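Some notes on the structure that comes next.
Please treat every number below as a calculation from the coordinates, not as lab data. These figures come from a predicted structure and were not determined experimentally. All Cβ positions, glycine included, derive from the backbone under ideal geometry; neighbour counts span all protein chains shown.
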C-alpha cells in the first residue's frame, strides 16, 4: 500500500477515534463506553495496516483528545487502557492458556487502581468512596469486582468483534472496495 494511503487511513481512523471520544462529553454516562469503542477502531487499523500505524493512531488520538475532549476521565481511561488494549490483546493471547487470564487480570487491576488514584489526584475528582462512610471500604472491593467482570466481558466481546471483522466485514465490505 502506498505511503499516502497509509497516512490517509491513519488520519481517518484518528478522526473517528477523536469523534468517539468527543461524544463522551455530549452523552451522559458514556465515559466508559466511547473510549472502548474508539479502541475497537484500532483493531481495524492494526489488522489492515499493522501495529506501528495503529500505535501512531493511538498516540494521535490520545494527544488530540487531551486538547479537545471535555471529559477528562474518559481521556485518561483511553490513554491508560482502552486505547492500546485492543492492539496488544492478540499478542497476550499467544501466551499459554493459564497465563492469559492471569496476565490480563493483573494488567487490568494495576491500571484500574492507577486510574482511580489518577482521577483523584491528577484530575481533582473527589474520592467517591468517602461518601459511603464505613461501607466505603467494602464498596471499593465490590466496585473492583464489578470492574473486573466488565473488563472480561469487554475482552470477550472484543474477541467476537475481531472475528466478525475478519470473517464478515473484511471479505464482504473491504473486498468490494479494493
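Among 58, 99, 152, 78, what is the fewest-to-most ranking by other Cβ atoms within 10 Å? Intermediate values should be presented prior to the final figure.
Working: 58 26, 99 11, 152 14, 78 29.
With the fewest neighbours first, 58, 99, 152, 78 line up as 99, 152, 58, 78.
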Inset, instruction - Taking only the C-alpha atoms, wrap a convex hull around segment 25-108 and report its volume per residue in Å³ as a whole number. - result: 91
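Beyond 30 Å, what share of the Cα-Cα pairs of segment 3-177 remains, rounded to the nearest whole percent? Show your work: numbers first, answer last.
Details: 3287 of 15225 pairs.
Tail of P(r) above 30 Å: 22 percent of Cα pairs.
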Inset, instruction - Could you compute the FRET efficiency for residue 94 and residue 122, with r as their C-beta to C-beta distance and R0 at 41 Å, rounded to 0.05? - result: 0.75
Inset, instruction - Find, to one decimal place in angstroms, the Kirkwood hydrodynamic radius of segment 1-60, where the mean of 1/r is taken over every pair of different Cα atoms and then inverted. - result: 11.7
Legend entry - Gaussian network model of the chain, Cα within-10 Å springs - most flexible of 22, 34, 156: 156
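Under the rule of -39500 (n - 2.57) per DSSP H run of 4 or more residues, summed and divided by the residues of the chain, what mean residue ellipticity at 222 nm is obtained, to the nearest 500 deg cm²/dmol?
Values: 7 runs with 126 residues, N = 178.
Taken over the chain, the calculation gives -24000 deg cm²/dmol.
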Legend entry - On Cα atoms only, tilt of 3-26 relative to the major axis of the chain in degrees: 30
Inset, instruction - Could I have the simple spin-label model distance between residue 150 and residue 29, label points 7 Å from Cα toward Cβ, reported in nm to one decimal? - result: 1.2
